[in-house]
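Before any comments, here is the structure.
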Amino acid sequence: MQPHAMYARNILCIGAGYVGGPTMAMIAARCPQYKVTVVDINAARIAAWNSDNLPIYEPGLLDVVRQARGRNLFFSTDVEAAIKEADVIFVSVNTPTKTFGAGVGKAADLQYWEKTARMIVRVSTADKIIVEKSTLPVRTAAAMSRILNAKKKGVHFEVASNPEFLAEGTAIADLKNPDRVLIGAQDTPAGIKARDVIVEIYANWVAREKIITSNVWSAELSKLVANAFLAQRISSINSISVLCEKTEADVAEVSRAIGMDSRIGSRFLASSVGFGGSCFQKDILNLVYIAESYGLHEVARYWESVVLMNDYQKRRFVATMISTMFNTVADKRIAVFGFAFKADTGDTRESPAIDVVRQLLDEHARVVITDPEALDNAKIDLADCLDKVEMVSDPYAAAQGAHAIAICTEWQQYRALDYKKIFDSMEKPAFIFDGRNILDHKKLFDIGFNVFSIGKPAHKHY
Ligand code: NAD
Ligand code: UGA
């Protein structure tokens, strides 16, 4: 199909989530010559994308959306019309872990992807390039190509892989200046043509040497492996954090010392209450499932341990709280500072705070949660126990009358609070459990707090 005369190309993205929205906003902002349409079956989400109250909190995103929205960036629920018009279709629907059937708890649930593929086949009347933007199991493109090209309508669908590496909270900076853009395509004339079209889109603002190409399977697998390696670093340093607590070593000092070795590098070595987010655990379990399906049990166990260590770290954090607070938190008010899975996002998917809160509720603690952006999502995550938790946006109000504060998200504003004022309003002895190692522990100790952190010696007045 010919692109609309006004535009050099018609780009569509199916799935207006954390990836589809920001990614397409950036393409539209940087490429005014293309028409970029983003569709979703979730009408509320689309309405929010068409307003100034965007459906996701992401620093800098609204500016980028405003640059292009209504000019060459459009958000719509009319999926069929958009498919008909498009010549390049990015698919960034969700690919969560399966909650049923074979592979439950590990394999990727591909039903949203497959439904999308079937709709593309049904509606299309001309050749299209289908770009896997979602994170998918290696070799998904083969299955998708089979589904897409099964009904020989004289229409050809070329499937390429272009995984997304943005991190939430820094999505705009990551998209503006990515470490690399990866495009996997088949080594056939149609595959090479598709690859070149996708390269051309990114080359509008990304340096050519950062746009790398590979075969489809390498691109699909690289995405899973990148997340697995990143998460592995966190689990590795978290495994050392407990050893530090036993030996009076300080995990921040260890991270600094090893990170200065240029072969190791300094990033992703911040020990914490555990990693969260919608993808690390999901993608590692997916990798584990793929390895198992090829009979590679040693490989599967190796990567699974990254997730098991993360579970241990989240349990350990609460266990320390309970044992420190005289082996009971029942009926004690505990203020949880931060519910988002990391700072600068309202996203709470797989947030370690969810596990922390649920464990505290199991111990009959009175939990009060505060977060600058994530309380709406917290209400959804804790829908089954909302009568047992309080949520307030003001951290001072949350801490009022509390026995302890648990820092679960590294929000910058938590560093700058008046902890003397907070201390004065709390029950005594007052405890702080810094699950992100972001506070000045010595200063808090001097105020009167008993301070426990991750992988560092405790500061206690007894
Ligand atoms: P999301 O849940 O925020 O968004 C997915 C959207 O797809 C939803 O709004 C949903 O309504 C929509 N959708 C589902 N089926 C549809 C259909 N048939 N037609 C139209 N819309 C449909 O998910 P996300 O966080 O944007 O992640 C999407 C993919 O990108 C996942 O595979 C994820 O692993 C990957 N990814 C995510 C991130 C991230 O930071 N969140 C980063 C890189 C890669
Ligand atoms: C991660 C990857 O960083 C992205 O490259 C990838 O595209 C994305 O997953 C995805 O596929 O969804 P994201 O989950 O948004 O991005 O955020 P990260 O910055 O990676 O943080 C993940 C978790 O690890 C957070 O809970 C964070 O607090 C934690 N973390 C991170 C640590 O505990 N320590 C660290 O040193 C770094």
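Compute the acute angle (0 to 90°) between the alpha-carbon long axis of helix 216-247 and the principal axis of greatest extent of the alpha-carbon atoms of the chain; round to the nearest 10°.
10 degrees
Can you give the direction-averaged projected area of the convex hull of the alpha-carbon atoms in segment 283-351, in nm²?
On the way: hull surface 26.3 nm².
The number I arrive at for segment 283-351 is 6.6 nm².
Taking only the alpha-carbon atoms of segment 149-230, what semi-axes of the equivalent ellipsoid follow from 5 times the gyration tensor eigenvalues under a square root, in whole Å, largest first? Walk me through the numbers before you get to the answer.
Values: eigenvalues 127, 47, 27 Å².
Sorted largest first and rounded, they come to 25, 15, 12 Å.
Using unit Cβ charges (K, R positive; D, E negative) and no other charged atoms, how large, in debye to the nearest 20, is the dipole of the chain about its Cα centre?
Computed charge dipole of the chain: roughly 880 debye.
For segment 2-67, with only Lys/Arg (+1) and Asp/Glu (-1) charged at the beta-carbon, what is the dipole magnitude about the Cα centre, in debye rounded to 20? Could the numbers behind the result be given before it?
Working: 5 positive and 4 negative charges, 48 e Å.
In debye, rounded to 20, segment 2-67 gives about 240.
Expressed as a fraction of 2.2 N^0.38 Å, the rule-of-thumb size for a compact globular protein of N residues, what is the C-alpha radius of gyration of segment 234-289? Show your work: numbers first, answer last.
Details: Rg = 13.1 Å, N = 56, 2.2 N^0.38 = 10.2 Å.
In units of the globular-protein estimate, segment 234-289 measures up at 1.29.
Can you give me the Rg/Rh ratio for the chain, using Cα atoms for both radii and the Kirkwood formula for Rh? Please list the in-between numbers first.
Values: Rg = 23.9 Å, Rh = 23.7 Å.
My calculation puts Rg/Rh at 1.01.
Starting at the first residue of segment 7-15, write each ³J(HN,Hα) from the Karplus equation 6.51 cos²θ - 1.76 cosθ + 1.60 with θ = phi - 60°, in whole Hz, x for Gly and Pro.
Listing the rounded values in order: 10, 6, 7, 9, 9, 10, 10, 9, x Hz.
Report for segment 399-462 the percent antiparallel among DSSP-assigned beta bridges with both residues inside it, nearest 5.
On the way: 1 of 9 bridges.
So the antiparallel bridges in segment 399-462 amount to around 10 percent.
Scan around Ala406 for amide H atoms under 5 Å from its own, H built in the peptide plane at 1.01 Å from N, and keep only partners 5 or more places away or cross-chain.
Ala335, Val336, Phe337, Phe433
Based on other C-beta atoms within 10 Å, arrange Val299, Val64, Val306 from fewest to most.
Working: Val299 15, Val64 22, Val306 26.
Ordered by Cβ neighbours within 10 Å, fewest first: Val299, Val64, Val306.
Go through His441, Val389, Ala173 and say which Cα lies farthest out towards the positive end of the charge dipole of the chain; charges sit on Cβ, +1 for Lys and Arg, -1 for Asp and Glu.
So the residue furthest toward the plus end is Ala173.
Share of antiparallel DSSP beta bridges in the chain, in percent to the nearest 5? Don't skip to the answer; put the middle values down first.
Values: 3 of 51 bridges.
Among the beta bridges of the chain, antiparallel pairing accounts for roughly 5 percent.
With N set to the residue count of segment 114-251, report its C-alpha Rg divided by 2.2 N^0.38 Å to two decimal places.
Numbers: Rg = 19.2 Å, N = 138, 2.2 N^0.38 = 14.3 Å.
Its radius of gyration relative to the 2.2 N^0.38 Å reference: 1.34.
Among Cys31, Cys385, Cys408, what is the fewest-to-most ranking by other Cβ atoms within 10 Å?
On the way: Cys31 22, Cys385 12, Cys408 32.
The order, fewest Cβ neighbours first, is Cys385, Cys31, Cys408.
Kindly identify segment 11-117 as rounded, prolate or oblate by the Cα gyration tensor criterion: order the square roots of the eigenvalues as a ≥ b ≥ c, call it rounded if a/c is under 1.5, otherwise compare a/b with b/c, prolate if a/b is larger, else oblate.
On the way: a/c = 2.25, a/b = 1.63, b/c = 1.38.
Since a/c reaches 1.5 and a/b is larger than b/c, the shape of segment 11-117 is classed as prolate.
Measure nothing fancy, just the Cα-based angle from helix 352-362's long axis to the longest principal axis of the chain, in degrees from 0 to 90, nearest 10.
Here the helix axis deviates by roughly 50 degrees.
If amide H atoms are built 1.01 Å from N in the plane of the peptide, which residues on other chains or at least 5 residues away come under 5 Å of the amide H of Cys13?
Amide H neighbours of Cys13: Thr37, Val38, Val39, Phe90.
Stick to Cα atoms and the Kirkwood definition of Rh, then tell me Rg/Rh for segment 216-263. The partial results should precede the final answer.
Numbers: Rg = 14.5 Å, Rh = 12.4 Å.
Value, to two decimals: 1.17.
Under 5 Å between amide H atoms, partner at least 5 residues away or on a different chain: which partners does Thr213 have, H built in plane at 1.01 Å?
Answer set, sorted by chain and number: Ile183.
Using the Cα centre of segment 125-185 as the reference point, and only Cβ charges (+1 on K/R, -1 on D/E), how large is the resulting charge dipole? Debye, rounded to the nearest 20.
The dipole of segment 125-185 has a size of about 460 debye.
Suppose we keep just the alpha-carbon trace of segment 43-93; what are its Rg and Dmax in angstrom?
Final numbers for Rg and Dmax: 11.9, 33 Å.
Among DSSP beta bridges lying fully in segment 1-141, give the percent that are antiparallel, nearest 5. Don't skip to the answer; put the middle values down first.
Numbers: 1 of 20 bridges.
Once the DSSP bridges in segment 1-141 are tallied, antiparallel ones form about 5 percent.
On average, how much area does the Cα convex hull of segment 367-459 cover when viewed from any direction, in nm²? All intermediate terms of the calculation are to be shown ahead of the outcome.
Details: hull surface 23.8 nm².
Across all orientations, segment 367-459 yields a mean hull projection of 5.9 nm².
Return one number: the angle in degrees, 0 to 90 and rounded to the nearest 10, between the long axis of the Cα atoms of helix 280-293 and the longest principal axis of the Cα atoms of the chain.
Between helix and principal axis, roughly 60 degrees.
How many nm separate the modelled label positions at Phe268 and Gln33, each set 7 Å beyond the Cα in the direction of the Cβ?
3.6 nm
Please list 3J(HN,Hα) in residue order for segment 428-441, calculated via the Karplus relation 6.51 cos²θ - 1.76 cosθ + 1.60 where θ = phi - 60°; whole Hz, with x for glycine and proline.
The phi angles translate into 10, x, 9, 10, 10, 10, 8, x, 10, 6, 10, 9, 8, 5 Hz.
Taking only the alpha-carbon positions of segment 337-387 and ignoring solvent, what does the Debye formula give for the base-10 log of I(q)/I(0) at q = 0.14 Å⁻¹?
Per q value, in the given order, log10 I(q)/I(0) is -0.30.
Rule-based calculations on the coordinates, nothing more; no lab input. Because the structure is a prediction, the values reported are computed rather than measured. Using ideal geometry, Cβ is built from the backbone for each residue, glycine included, and neighbour counts are taken over all protein chains shown.
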